[in-house]
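Notes for the one structure printed next.
The values are calculated or read from the model by the stated rules, or taken from the named source; none is laboratory data. Bear in mind the structure is a predicted one, so any value in this text is a computation, not a measurement. Don't worry about glycine lacking a Cβ; one is built from the backbone with ideal geometry, like all the others, and counts go over all protein chains shown.
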Amino acid sequence: MSSADASVPANLGSGHPSEPVIAHIMAQPGVQRTPSPKLTLFHRRGFVTPDLCRALIALIDTQRRPSTVSDYNGDAAFRTSETCDLDPTIPIVAELERLIIDFIGLDPKHGEPIQGQRYAVGQEFKAHTDYFEPDGVDFHTYTLVAGNRTWTAMLYLNEPDAGGATRFKTIDKIVQPETGKLLCWNNLRPDGSPNPSTIHQGMKVRAGSKYVITKWFRERPWGWAS
């Protein structure tokens, strides 16, 4: 179902330190790294097939609900998409999980459940980072068990008719949606502290709709405070 390399996962723990993860990703075919000293960002075109993308879109459409964020910063329109957690026992979700783990090489125990998102016309996700700010609202609630986020893998499932690009503000890089293209980046600095240069924006969809998959990894095995 995919052209991704189905090698045995490297099991590189949480993703910190980052050097083994970077080496694992760069060893795979078709990977391109954004040349910047400010953040570690990769992309790979054709990571999954259009058929798998269409199947995942159909699944998202059966389960989507309004998206939320940990801190809206006083802006009710900060994130206006729809989202869903995808059941890992569903075969196409399990297949995608395997492909992402193989690609990034991290211990699957450190991964959050895969999420699917849909953006309709006018919907967006304003500039944000994927890690939880140490001085942010409910930081300890979100990080108590599994710690902060280390790596992000984001997959475009389609190409909207207009808009919907992802902009990394610090390096002013705009990535256009492309069916089956994977983005992957490290949310931390080399010393393990959160990297504010990873701030990025899901720009407004101007025509059509946009579907993406996101999987985050944590410092410690995934779990949630009771």
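Annotations
- The lone exception for Thr198 - which of (1) modelled with pLDDT under 95; (2) crowded, with 20+ Cβ neighbours inside 10 Å it fails: (1)
- Pairs meeting the criteria (first residue in region 176-190 and within 17 Å of Gly202 (Cα to Cα) and touching a residue at least 60 places away in the same chain (Cβ under 8 Å), second residue part of a strand (DSSP E or B) and of a type in the set (A, V, I, L, M, F, W, C), beta carbons under 6 Å, at least 6 apart or on different chains) are Leu182/Leu155; Leu183/Met154; Cys184/Phe42; Cys184/Ala153; Trp185/Leu41.
- Considering residues of region 140-175 that are under 25 Å from Pro17 (Cα atoms), aromatic (Phe, Trp, Tyr) and modelled with pLDDT of 95 or more only, the residue surrounded by the most Cβ atoms within 10 Å (Cβ to Cβ): Trp151
- Residue within region 105-120 that is buried (at least 16 other Cβ atoms within 10 Å of the Cβ), over 18 Å from Gly202 (Cβ atoms) and among the β-branched types (Val, Ile, Thr) present: no
- Residue in region 196-208 that is closer than 23 Å to Met26 by Cα, free of Cβ contacts under 8 Å to residues at least 40 places away in the same chain and over 15 Å from the mean Cα position of the chain (by Cα) present: no
- Yes/no for Gly180 being small (Gly, Ala, Ser) and in contact with a Cys (Cβ under 9 Å, 6 or more places away or on another chain): yes
- All positions within region 10-63 that are surrounded by 15 or more Cβ atoms within 10 Å (Cβ to Cβ) and small (Gly, Ala, Ser): Ala10, Gly13, Ser14, Gly15, Ser18, Gly46, Ala55
- Matching residues in region 172-195 - criterion: being over 18 Å from the mean Cα position of the chain (by Cα) and of a type outside the set (Ser, Thr, Tyr): Asp172, Pro190, Asp191, Gly192
- The condition of being in contact with a Lys or Arg (Cβ under 8 Å, 6 or more places away or on another chain) and part of a helix (DSSP H, G or I) holds for only one of Thr152, Thr141, Thr170, that being Thr170.
- Positions within region 1-57 being hydroxyl-bearing (Ser, Thr, Tyr), within 26 Å of Thr129 (Cβ to Cβ) and either modelled with pLDDT of 95 or more or out of contact with any Leu (no Cβ under 8 Å at 6 or more places or on another chain) (or both), in sequence order: Thr34, Ser36, Thr40
- Criterion (over 19 Å from Arg44 (Cα atoms) and not in a helix (DSSP H, G or I)) met by exactly one of Glu178, Glu133, Glu159: Glu133
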